[in-house]
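Reviewing the structure listed below.
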Amino acid sequence: MTTTAEIPSTATPRGTLRPVPRWAERVAHAIPLVALPVCLWRLPIAFGFTMGADLGEPTWGRVASACYIFGLSVLSEAFALLCFGLVRPWGEVVPGWVPVLRGRRVPPFAVIVPALLGVLVFTALLFDWVVTTFQIGGHATAGFSNDWWRVLAATVSGLFLAWGPLLLALTYGYYRRRCRPAGRP
């Protein structure tokens, strides 16, 4: 007897139940790439090089600040790689190495809701970046030793914030694959 938690044996060559559109596959690969420049930008700051910014003295001490910045970079890239779950089988079926839940179907909204929360966070960050970068409403920005550092900082952080719209598109593609009947566009 088949239960609703079991997965039918008709899987695509990629292992997903329905084919992943090529654009979604490309977007999933783009997300870690747009996160990488800002993660690499942060690493020298973790080790004391200010990257041209007037950061002042760290409030928690140098070691704690370095651990925080390094950890933030690693965590950002880990979350970016986690977006592959929207186009891979492990976003639809719990992998076999998970002891109790292995092989069970992942409820679509258990993936969609956290993804949409991520979209909301990145949308708020994008709004804040636009306001501070373009000094809308008199917001102050961090001082930089020259305009080249300012342009580089704005470029890598602006690229990072493309993550929100990319994640929204990827989440919509996941929703269409998982929640719509097979014949509907």
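The values are calculated or read from the model by the stated rules, or taken from the named source; none is laboratory data. Being a predicted model, the structure only gives us computed values, none of them experimental. For neighbour counting, all protein chains shown are included, and Cβ atoms are generated from backbone atoms with ideal geometry for every residue, glycine included.
One table, with the values for the structure above:
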quantity: Residue within the range 145-162 that is out of contact with any Asp or Glu (no Cβ under 9 Å at 6 or more places or on another chain), at pLDDT 90 or above, under 29 Å from residue 28 (Cα atoms) and not hydroxyl-bearing (Ser, Thr, Tyr) present; calculated: yes
quantity: Filter result (within 24 Å of residue 167 (Cα to Cα), more than 17 Å from the chain's Cα centre (by Cα) and exposed (fewer than 15 other Cβ atoms within 10 Å of the Cβ)) within the range 61-109; calculated: 95, 107, 109
quantity: Residue match in the range 171-181 (condition: surrounded by fewer than 19 Cβ atoms within 10 Å (Cβ to Cβ), among the charged types (D, E, K, R), out of contact with any Pro (no Cβ under 6 Å at 6 or more places or on another chain) and free of Cβ contacts under 8 Å to residues at least 60 places away in the same chain); calculated: yes
quantity: Inter-residue pairs, beta-carbon under 7 Å, first closer than 12 Å to residue 41 by Cβ and in the range 69-80, second assigned to a helix (DSSP H, G or I) and small (Gly, Ala, Ser), 6+ apart; calculated: 69/46; 76/35
quantity: Residue 26 vs. criteria at pLDDT 80 or above, closer than 29 Å to residue 175 by Cβ, in contact with a helix residue (DSSP H, G or I) (Cβ under 9 Å, 6 or more places away or on another chain) and charged (D, E, K, R); calculated: no
